[in-house]
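Accompanying notes for the structure given below.
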Amino acid sequence: EIKNVGKLAGCTLFITGASRGIGKAIALKAARDGANIVIAAKTAEPHPKLPGTIYTAAQEVEAAGGKALPCVVDIRDEQQIGDAVQKAVDAFGGIDILVNNASAISLTGTLETHMKKVDLMLGINLRGTYLTSKLVIPHLLKSRNPHILNLSPPLNLNPVWFKNHTAYTMAKYGMSMCVLGMAEEFRGQIAVNALWPRTAIQTAAMDMLGGEGVSKQCRKADIIADAAYAILSRPKDYTGHFLVDEEFLREQGVKDFDQYAVQPGHPLLPDFFLDETPESLVEKMEQHGATPAFKPPSSSSATPTSGGPVETTFDAIKGVINEDVVKSTQGIYQFDLSGEHTGVWFLDLKTGSGSVGQGEPPTKADVVMKMDSSDFSKMFSGKLKPTMAFMSGKLKIKGDMTLAIKLEKLMNRMNKAKL
């Protein structure tokens, strides 16, 4: 683990959503150094479903060795943030670190998401983060080693992370865009970074998303607290990074990650926005007895072929390619297939009205796609999307990525032709 070495002693941290979960874990880690913690959160009265209030969190901070200032703050309310910032400055003489952790989540599609929920997510995640940063920055600029840390993901623009919950992704990516912009705007003055977990973290929010069976697939919030502590201990020129807890901690020399597991040895659930697909997340959750609140809609429109050999697939491709497809694609594909039907094939969508064949293409391929022959058949029958196959490691792509995406359009055409 990352040991407390007193780096944050006497520093003042303003943490949103610090009454429970990840926000509280970061607060307690800093408190062990003797830091001052402003607990800026909404829960003043005990909540029927959620653990903790700003006052119980304050008691824990003091017990851990820190000083606590609990403030009732709804980060959608400029007045409430302003008041808390002023109280913090009066109590502790300034603010050194801002942790934008407060977030709302609803993993629902466009037609299922009520505007009240959309406003809540954009109001807290995006606008709240921006507004809190705006009000705290004047004080950070007076600090010796100021930091802003947003609990938000790397900006992964693969549509797979948008399609099932566009509003939530927009709101979370809004937090990440604050990092992108403010890191550059305040370069040399304030360190601005993002931190995101590699796996699901055991919190009340996670229990709501995954049901009872999910916690054994999670890590404890301590992993995020350790990573946050290591980031906030860095000098202010360490800025503009989108960090993933596990990778960052490995760089800090941490080797034992079992210490962070709720149930060491149990398979872990990867978090959103990284390289696993939503489909595989749902599969993993269900395998281990969790009940995901966000099942991606299944696509039943594609009628798969009998998974027949590669030749049949190429015959089908021949049937749908023409000059128009060639015009809009402009690429030569090479498929290196392994497994049951090993071999090399090509698909020329650059010249004439297109062609397919066995062996390497007559002119050098623009993109080489390596995969198992059974996955190849699945891909062209609509059972496996190329982007999915690529993200799950089933498909290796060398060369022009945009051509791989164009291939997806051709597959859609083939499946329409079959219907």
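The values are calculated or read from the model by the stated rules, or taken from the named source; none is laboratory data. None of these values were measured; they are calculated from a predicted model. Glycine also receives a Cβ, built like all others from the backbone with ideal geometry; neighbour counts cover every protein chain displayed. What goes into the accessible areas is simple: the full protein's heavy atoms, side chains included, and nothing from ligands, DNA or RNA. Shrake-Rupley method; radii C 1.70, N 1.55, O 1.52, S 1.80 Å.
The residue list LEU281, LEU268, LEU243, LEU249 contains one member that is touching a Cys at 6+ places or on another chain (Cβ under 9 Å) and buried (at least 19 other Cβ atoms within 10 Å of the Cβ), which is LEU268. Can you tell me which residues in the range 176-214 are open to solvent by less than 30 Å² (accessible area, probe 1.4 Å), farther than 15 Å from PHE272 by Cα and either part of a helix (DSSP H, G or I) or among the acidic types (Asp, Glu) (or both)? Residues satisfying the conditions are CYS178, VAL179, MET182, ALA183, ALA204, GLY213. In this structure, LEU157 qualifies as of a type outside the set (Phe, Trp, Tyr), surrounded by fewer than 22 Cβ atoms within 10 Å (Cβ to Cβ), part of a loop (DSSP other than H, G, I, E, B) and within 20 Å of the chain's Cα centre (by Cα). Taking the range 3-22 as the range and being open to solvent by less than 10 Å² (accessible area, probe 1.4 Å) and closer than 20 Å to ASP83 by Cα as the test, the residues that pass are THR12, LEU13, PHE14, ILE15, THR16, ALA18, SER19. Restricting attention to the range 312-344 and to residues that are open to solvent by less than 50 Å² (accessible area, probe 1.4 Å) and either among the charged types (D, E, K, R) or assigned to a loop (DSSP other than H, G, I, E, B) (or both), the residue that is nearest to ASN412 (Cα to Cα) turns out to be ILE321.
Within the range 224-240, being under 20 Å from the mean Cα position of the chain (by Cα), assigned to a loop (DSSP other than H, G, I, E, B) and buried (at least 18 other Cβ atoms within 10 Å of the Cβ) holds for one residue alone: THR239.
Quick one: is PRO48 over 21 Å from the mean Cα position of the chain (by Cα), free of Cβ contacts under 8 Å to residues at least 24 places away in the same chain and part of a loop (DSSP other than H, G, I, E, B)? Taking the combined requirement at face value, the residue satisfies it. Picking from residues in the range 361-379 that are at pLDDT 85 or above and of a type in the set (S, T, N, Q), the one that is most open to solvent (accessible area, probe 1.4 Å) is THR363.
Assess whether VAL192 counts as being modelled with pLDDT under 95 and assigned by the TED database to the domain that holds LEU111. So VAL192 fails the test.
Taking each residue of the range 213-234 that is of a type in the set (Phe, Trp, Tyr) and looking for partners that are open to solvent by less than 10 Å² (accessible area, probe 1.4 Å) and part of a loop (DSSP other than H, G, I, E, B) with beta-carbon atoms closer than 7 Å, six or more apart or interchain, yields nothing. When LEU98, LEU69 are screened for being assigned to a strand (DSSP E or B), over 29 Å from the mean Cα position of the chain (by Cα) and crowded, with 16+ Cβ neighbours inside 10 Å, only LEU69 passes.
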